[in-house]
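The values are calculated or read from the model by the stated rules, or taken from the named source; none is laboratory data. Because the structure is predicted, anything quoted here is derived from the model rather than measured. Every residue, glycine among them, receives a Cβ derived from its backbone with ideal geometry; neighbour counts consider all protein chains shown. What goes into the accessible areas is simple: the full protein's heavy atoms, side chains included, and nothing from ligands, DNA or RNA. Shrake-Rupley method; radii C 1.70, N 1.55, O 1.52, S 1.80 Å.
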Amino acid sequence: MTLSTIEDRITKAAEKAGRPRADITLIAVSKVQPLDRVAHVLDQGHRCFGENKVQEASGKWPEFAKHYTDIDLHLIGPLQSNKTRNAMQLFDAIHTVDRPKLAQTIARIAQEEGRCPDLFIQVNTGEEDQKSGVLPAETDDFVTECRALDLPLRGLMCIPPVDEEPSLHFALLAKLAARNGLTGLSMGMSGDFESAIALGATHIRVGSAIFGERVAQG
Ligand SMILES: *Cc1c(COP(=O)(O)O)cnc(C)c1O
């Protein structure tokens, strides 16, 4: 598949949902992809990308930024506290704020640096042991805590369990966001972004459908 095919499918899904196309941001997930494939998507004018590892992103994006302006880079993978400053310098948005300690570290560094990326709280909607994110029942309190720290909170993010119907998780995330007055919903990947759009996604994270299968899973 190609970028333009995905763009068409987004436009159709938005129309079907009666939503403005402009309310949906396509994050092209470039983790582990060969650099020439990433450059090809940049050459087509796309500027919003997602990476799941700080170190991997540091290795390629400062270089791309020398050749392409206005790159909008999103961290969509877990963030270790000791990499927070690097991440905040490199990324325009962080989708994986998942614990009070990390929120506090981000708040402290934001004070020091005088800037902070847009933030999303990751919610473990499937309550899976191996997955990061706050539990649905903890979400309201954690939103309150992030707001008390004056963090620029944009919305919520989830990664549904692989073996469950994703729309149930998208609907739950939308409900949690709405009752906390949050408008951003980071949800939907290659296999399910259309149903995510139907349920209100504002940020879809699409990797393999744009770039092809990843050589190694990241
Ligand atoms: C890799 C990844 C994606 C993209 O997955 P695809 O199925 O290739 O679209 C989306 N979100 C997160 C958090 C990821 O790690």
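Results, tabulated for the structure shown:
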item	result
Three-way shape label, segment 37-110, alpha-carbon gyration tensor, a/c 1.5	prolate
Gyration tensor verdict on the chain (Cα atoms; rounded if a/c is under 1.5, prolate if a/b is larger than b/c, oblate otherwise)	oblate
Accessible surface, segment 3-211, averaged per residue in Å² (probe 1.4 Å)	45
For Ile197, net neighbour charge (Lys/Arg +1, Asp/Glu -1) across residues whose Cβ lies under 15 Å away	0
Per DSSP, loop GluC sites (Glu not before Pro) in segment 119-218 with at most 12 further Cβ within 10 Å	Glu127, Glu164, Glu213
Percent carbon-and-sulfur accessible area, the chain, ignoring ligands, DNA and RNA, probe 1.4 Å	50
Which listed pairs, of Lys53/Lys175; Lys16/Lys131; Lys31/Lys83; Lys12/Lys131; Lys53/Lys83; Lys60/Lys131, have C-alpha distances above 20 Å, in listed order	Lys53/Lys175; Lys16/Lys131; Lys12/Lys131; Lys60/Lys131
Charge-dipole axis of segment 52-144 as Lys and Arg at +1 and Asp and Glu at -1 on Cβ define it, positive-most pick from Phe120, Thr96, Ala110	Ala110
